[in-house]
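The next block holds one structure in the form of structure tokens; read it before the comments.
The values are calculated or read from the model by the stated rules, or taken from the named source; none is laboratory data. Computed from a predicted model, the values in this text were never measured in an experiment. As a convention, Cβ positions derive from the backbone with ideal geometry for all residues, glycine included, and neighbour counts pool all protein chains shown. With ligands, DNA and RNA removed, areas are computed over all heavy atoms of the protein, side chains included. Shrake-Rupley method; radii C 1.70, N 1.55, O 1.52, S 1.80 Å.
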Amino acid sequence: MSPNGPSDGGLVVLAGSHKHHKQHFDQIGGFRPEQDQGATENGYDYTTQDVAFYHAQGCKEVKICANAGDLILWDSRTIHWNASPVGEQIRFISYVCYCPRNMASEDELRRKLEVFQARKGSTHWPNMNVIPADGTKHGALPCRPNGSVDPANRLRPFIEPEETPTVMRLVGVRG
């Protein structure tokens with residue numbers, strides 16, 4: 001929604017890393033639970049040694065640069081993170097995660113509808129929607145530079161989305 005250049009904060013990917021996870025985890029003896037951030041955090045803490053493995057496979061760090069209106073698609077199994085800004089550009093972005101509907105159970109689809117109707121976001125796993133982004137983690141509430149909650153924060157959009165059959169299909173409702 002705004003320009004995002006090399007000195008602006010934003011998405012960085014370790015290009016191609018998703019192709020090497022099986023080999024990596026086989027080599028280190030499997031998934032390390034102590035590096036898992038847990039269901040509510042939805043992430044995995046790769047060590048410097050882990051990243052060195054991916055670099056040795058030819059994976060390169062790529063800071064994604066984009067213009068307002070650009071759509072960035074990537075396989076979220078790719079190791080990715082947000083870089084801190086070193087420039088003055090204000091970053092304004094909306095993340096959207098999708099997966100095939102058949103990956104969600106009927107209970108998960110009902111929960112997804114509840115989260116949508118509450119106008120909240122969720123985790124990287126859109127089929128589960130276990131933890132809606134409600135401001136309790138990661139500073140999900142918009143804050144002022146002094147750390148106080150932005151007084152313009154609201155629980156509902158100024159203009160509610162029209163719940164058309166297409167929108168509801170994207171939410172996961174059978175139509």
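Each of the peptides 105-116, 80-91, 23-34 was scored by the mean count of other Cβ atoms within 10 Å over its residues; in descending order, highest first, they stand as 105-116, 80-91, 23-34. Only one residue of TYR98, HIS124, GLY10 has its Cα farthest out toward the positive end of the dipole of the chain, where Lys and Arg carry +1 and Asp and Glu -1 on Cβ, and that residue is TYR98.
The convex hull built on the alpha-carbon positions of the range 1-82 has an orientation-averaged projected area of 6.3 nm². Using the 1.4 Å probe convention, the accessible area of the chain works out to 69 Å² per residue with neighbouring protein chains retained.
From the Kirkwood radius over Cα pairs of the chain, Stokes-Einstein at 20 °C and 1.002 mPa s returns a whole-number translational diffusion coefficient of 115 µm²/s. For the chain, the dipole from Cβ point charges (+1 on Lys and Arg, -1 on Asp and Glu) about the Cα centre works out to 280 debye, to the nearest 20. Each principal axis of the range 1-45 carries a Cα extent, and these read 42, 26, 15 Å when sorted largest first.
Full extension of the segment from LYS63 to LEU155, taken as 0.36 nm per residue of separation minus the current Cα-Cα distance, would add 29.9 nm. Quick one: net charge of ALA15's neighbours, Cβ under 15 Å, K/R +1, D/E -1? Result for the neighbourhood of ALA15: +2.
Rounded to whole numbers, the Karplus 3J(HN,Hα) couplings from phi for the range 60-71 are 10, 6, 10, 7, 7, 10, 8, 9, 3, x, 5, 10 Hz, using 6.51 cos²θ - 1.76 cosθ + 1.60 with θ = phi - 60°, and x at Gly and Pro.
The alpha carbon centroids of the range 58-122 and the range 1-54 are separated by 15 Å.
Over all other residues within a Cβ to Cβ distance under 15 Å of GLU163, the charged ones net out to +2, with Lys and Arg as +1 and Asp and Glu as -1.
First compute the accessible area of the chain with a 1.4 Å probe, then give the percent of it belonging to carbon and sulfur atoms.
Roughly 57 percent of what the probe reaches on the chain is carbon or sulfur.
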